[in-house]
1. Please find, within the stretch A:31-63, the residue that is least open to solvent (accessible area, probe 1.4 Å) out of those that are within 19 Å of A:GLU5 (Cα to Cα) and in contact with a helix residue (DSSP H, G or I) (Cβ under 9 Å, 6 or more places away or on another chain).
2. Do any strands (runs of 3 or more DSSP E) entirely within the stretch A:1-71 hold 2 or more residues that are of a type in the set (S, T, N, Q), and if so, which?
3. Applying the selection to the stretch B:70-109, what residues are open to solvent by 60 Å² or more (accessible area, probe 1.4 Å) and assigned to a strand (DSSP E or B)?
4. All but one of (1) open to solvent by 50 Å² or more (accessible area, probe 1.4 Å); (2) within 11 Å of the chain's Cα centre (by Cα) hold for B:LYS57; which doesn't?
5. Can you tell me which residues in the stretch A:85-110 are within 21 Å of A:TRP40 (Cα to Cα), at the interface with chain B (Cβ under 9 Å from one of its Cβ atoms) and open to solvent by 30 Å² or more (accessible area, probe 1.4 Å)?
6. List the residue pairs whose Cβ atoms are under 8 Å apart, where the first residue sits in the stretch A:1-22 and is within 22 Å of A:GLN78 (Cβ to Cβ), the second is open to solvent by 100 Å² or more (accessible area, probe 1.4 Å), and the two are 6 or more positions apart or on different chains.
7. Sort out which residues of the stretch B:71-91 are more than 16 Å from B:LYS9 (Cβ to Cβ), touching a Gly at 6+ places or on another chain (Cβ under 7 Å) and among the hydrophobic types (A, V, I, L, M, F, W, C), and write them in order of number.
8. From the list A:THR62, A:THR80, A:THR66, A:THR105, which residue is in contact (Cβ under 8 Å) with a residue 60 or more places away in the chain and either polar (S, T, N, Q) or in contact with a Pro (Cβ under 8 Å, 6 or more places away or on another chain) (or both)?
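The values are calculated or read from the model by the stated rules, or taken from the named source; none is laboratory data. Everything numeric in this text was worked out from a predicted model, so none of it was measured. Cβ coordinates were reconstructed from backbone atoms using ideal geometry, including for glycine residues, and neighbour counts include every protein chain displayed. Accessible surface is based on the protein model in full, side chains and every heavy atom, while ligands, DNA and RNA are left aside. Shrake-Rupley method; radii C 1.70, N 1.55, O 1.52, S 1.80 Å.
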Amino acid sequence: GIQVEQSPPDLILQEGANSTLRCNFSDSVNNLQWFHQNPWGQLINLFYIPSGTKQNGRLSATTVATERYSLLYISSSQTTDSGVYFCAVRGSGNTGKLIFGQGTTLQVKP
Amino acid sequence: DGGITQSPKYLFRKEGQNVTLSCEQNLNHDAMYWYRQDPGQGLRLIYYSQIVNDFQKGDIAEGYSVSREKKESFPLTVTSAQKNPTAFYLCASSVQAYTEAFFGQGTRLTVV
């Protein structure tokens with residue numbers, strides 16, 4: 001099945017710094033999502049981005065489907081950005097499985 | 001409010017007992033999913049359903065069962081055959097199988 005790899009696994013930043021999280025996937029996809037898991041465990045939808053670029057406030061994401069990767073940019077990070085960021089994909093030949101990467105754990109220090 | 005509701009939030013089970021986790025959505029979504037998350041890990045797919053009265057096994061279906069008798073409901077039963085059931089369980093739904101998925105708040109199951 002399709003493999004999803006996220007990097008880095010852990011990231012520590014000072015408040016105000018910028019960061020880039022990466023998601024590589026092993027096959028063509030027709031769905032890619034970025035999520036933020038808060039300390040209570042809830043998954044918050046950040047982006048639905050099978051291709052192209054989107055921006056939402058301090059966050060933006062780019063997916064280059066032909067090269068099989070996606071990037072999540074966080075600018076001017078805040079302590080509330082802390083948590084785990086997951087990338088999840090559905091393969092183009094698949095009937096519905098949404099496959100998750102192992103996540104990037106972000107800690108933003110004041 | 002529209003959304004996905006999981007209950008209970010916390011659940012304790014004695015070894016050898018079956019338990020059922022509830023997932024209800026009022027978003028009129030066709031597709032629903034169950035995931036398991038272990039500490040420090042990503043999410044693994046247990047079962048998914050693309051339409052009422054139909055469901056497919058995910059990657060870790062052994063020891064679990066589901067039903068999809070109504071569009072808005074997709075309960076998950078953790079059976080005594082599941083060897084290590086302590087985990088965080090998340091339910092999700094999407095309009096259709098290929099569209100954006102949304103998650104409930106999860107149920108933390110502990111075997112005591």
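1. Residue satisfying both the conditions and the ranking: A:LEU32.
2. On the way: elements: A:4-7, A:10-14, A:19-25, A:29-37, A:43-48, A:52-56, A:59-64.
By residue number, A:4-7, A:19-25, A:29-37, A:52-56, A:59-64.
3. Within the stretch B:70-109, B:LYS70, B:PHE102, B:ARG108 meet the criteria.
4. Single failed check for B:LYS57: (2).
5. Selection gives A:GLN102, A:THR105.
6. Hits for this filter: A:GLN6/A:GLN102; A:PRO9/A:GLN102; A:GLU15/A:PRO110.
7. Selection gives B:ALA81 alone.
8. Numbers: A:THR62 fails: in contact (Cβ under 8 Å) with a residue 60 or more places away in the chain; A:THR80 fails: in contact (Cβ under 8 Å) with a residue 60 or more places away in the chain; A:THR66 fails: in contact (Cβ under 8 Å) with a residue 60 or more places away in the chain.
It is A:THR105.
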